[in-house]
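Down below is the structure, laid out as C-alpha cells.
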Amino acid sequence: MRVVVLEDESAVADAVAAHFASLIRRKPDAVLGLATGGTPVGAYQRLIELHRRHGLSFRQISSFNLDEYLGLDEDHPQSYRRFMNEQLFDPIDIDKNRTRVPPGRPDDIRTACQRYEDEIVAAGGIDLQLLGIGRDGHIAFNEPGSSLASRTRCTTLAATTILDNARFFGSEDLVPRAALTMGIGTILDARQILLMATGSGKAEAIAGSIEGPVSSRVPGSALQLHPDVVVYLDAAAAHRLEYLEYYLESERTHRSLGLLPFP
Ligand code: F6R
C-alpha cells in the first residue's frame, strides 16, 4: 500500500485528479470506478478543469459507480446518479451510455446486482477504483460486519452513516435505510484502488484500514489484501497513523530512486 500524506484537502484533490488524468492519457478507453460523497468533489472539479482547459477527453471512458440508495429515482436530488451527472458527467465529454450507477429502483434486486457484476466483467474490469471512507470504516456501502468477499448486493446503512449522510437530506428520517453497493470482493477485483480521505473525522477509520487487523469490523482494512492501493490523505486524516514517519520517508526514498509515477 502506498500512503501519500499531503498538506491539505486541496492538495489531495489535485493529486487524485492528476492520478486519474495520467491513467486517462495513457489509456483513453479506461474503465473507471467512481465514488460519490463530499470527499471526491474537489477532485471532480479539477478533472472538469483539465477537460475544459487542457483538453482531457473522457469520450472513450466507461465508468461504474460504487453504490446507489435504494428507493430513489435517478432524478431525485440526492440520488448518486444525479450527483454524478451534476458533479462530473454533464460538464465533461463522457458518453453517458457508458456510465453506470446501480439502479435505485430495480425491478428485481438480485437480478440487478448480478447484472451490475456482469457488466463490470463485460467492460473488461475496472482499471482504477476511487474510494472514500466512512467514519465507521465503510467502503462503498459495505458497513462493518460485511463479508470481505462480498459482491454487489443490497445492504443496510449503519446508524453512523445515516447520521453522517443526513447533512445531504436535511434530516435523518429522510435518509434511505438501504442501498445497492459493490461488494468488498467486487472492489478488490479492480486493477488499482485509490482511497482518499480528508479531515480528522476520518483519522480512526484510516488508521484501522491501513494499520489495523484485516477484519470486517473495519471494511477498509480489506484493502490491505490488494496488491496496488494508493491512499491520498491530508494531514488531519493521517494523524492517527502509527507509522506516519515511515510513509513519509518511503515516499522520499521512492521519489529519489525515480520510482514514483505519481503525482
Ligand atoms: C460513496 C460511498 C461512500 C463514501 C463515504 C464517505 O459512493 O461509497 O463510501 O465514500 O461514505 O463519504 P464522504 O466523502 O461524504 O465523507
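Every number here is computed from the coordinates shown, using simple stated rules; none is lab data. Everything numeric here is computed off the predicted structure, so don't read it as measured data. Here the Cβ positions follow ideal geometry from the backbone for every residue, glycine too, while neighbour counts run over all protein chains shown.
Search the structure for amide H atoms under 5 Å from the amide H of GLN192, placed 1.01 Å from N in the peptide plane, and list their residues when 5 or more places away or on another chain.
LEU128, GLN129
Taking the Cβ of PHE83 as the center, what net charge do the other residues with Cβ under 15 Å away carry, scoring Lys and Arg +1 and Asp and Glu -1?
Working: positive: ARG81, ARG82, LYS96, ARG100, ARG167; negative: ASP67, GLU68, ASP73, GLU74, ASP75, GLU86, ASP90.
In short, -2.
Amide H of LEU34 versus every other amide H placed in the peptide plane: which residues, excluding those fewer than 5 positions away on the same chain, fall under 5 Å?
When sequence neighbours closer than 5 places are left aside, the close amide H contacts are PHE64, ASN65, LEU66, LEU130.
If you take every DSSP beta bridge fully contained in region 2-256, what fraction is antiparallel? Give it as a percent rounded to 5. Mind dumping the intermediate values first?
Working: 9 of 31 bridges.
If I count the DSSP bridges inside region 2-256, around 30 percent turn out antiparallel.
Take each of the peptides 49-57, 159-167, average the number of other beta-carbon atoms within 10 Å over its residues, and list them starting from the highest. The partial results should precede the final answer.
Details: 49-57: 13.4, 159-167: 15.4.
Final packing ranking: 159-167, 49-57.
Compute the semi-axes of the equivalent ellipsoid of the chain, taking the square root of 5 times each eigenvalue of the Cα gyration tensor, and list them largest first in whole Å.
Values: eigenvalues 139, 102, 61 Å².
After scaling each eigenvalue by five and taking roots: 26, 23, 17 Å.
For ASP93, list long-range residues whose amide hydrogen, built 1.01 Å from N in the peptide plane, is under 5 Å from its own amide hydrogen.
The answer is PHE58.
Within 10 Å, count the other beta carbons around each residue, average over each peptide in 1-10, 140-149, 116-125, and list them highest first.
On the way: 1-10: 16.7, 140-149: 20.1, 116-125: 14.7.
Output ranking for 1-10, 140-149, 116-125: 140-149, 1-10, 116-125.
How do the peptides 126-136, 24-34 rank, highest first, by the average count of neighbouring beta carbon atoms within 10 Å per residue? Intermediate results must be reported in sequence, preceding the final value.
Details: 126-136: 22.9, 24-34: 18.0.
Sorting 126-136, 24-34 by mean packing, highest first, produces 126-136, 24-34.
Which of GLY134, GLY55, THR186 sits farthest toward the positive end of the charge dipole of the chain, with +1 on the Cβ of Lys and Arg and -1 on the Cβ of Asp and Glu?
Positive-end residue among those listed: GLY55.
Each residue of region 84-101 in turn: what ³J(HN,Hα) in whole Hz from Karplus with 6.51, -1.76, 1.60 and θ = phi - 60°, glycine and Pro shown as x?
5, 4, 6, 7, 9, 5, 4, x, 10, 9, 5, 7, 4, 5, 9, 9, 10, 10
Could you give me the ³J(HN,Hα) list for region 211-217, computed from phi with Karplus coefficients 6.51, -1.76, 1.60 and θ = phi - 60°, whole Hz, x at Gly and Pro?
Using θ = phi - 60°, the values come out as 10, x, x, 6, 7, 5, 4 Hz.
In sequence order, what are the phi-derived ³J(HN,Hα) couplings for region 163-170 according to the Karplus relation 6.51 cos²θ - 1.76 cosθ + 1.60 with θ = phi - 60°, rounded to whole Hz, with x for glycine and proline?
4, 5, 8, 4, 4, 7, 9, x
Using just the helices of the chain, give the 222 nm mean residue ellipticity in deg cm²/dmol: DSSP H runs with n ≥ 4 each add -39,500 (n - 2.57), and the total is spread over all residues, rounded to 500. Could the numbers behind the result be given before it?
Details: 9 runs with 93 residues, N = 263.
The helix contribution divided over the chain gives -10500 deg cm²/dmol.
Top mean-square fluctuation among SER221, SER171, SER22, Gaussian network model of the chain, C-alpha springs under 10 Å?
With Cα springs under 10 Å in the chain, the top fluctuation among SER221, SER171, SER22 is at SER171.
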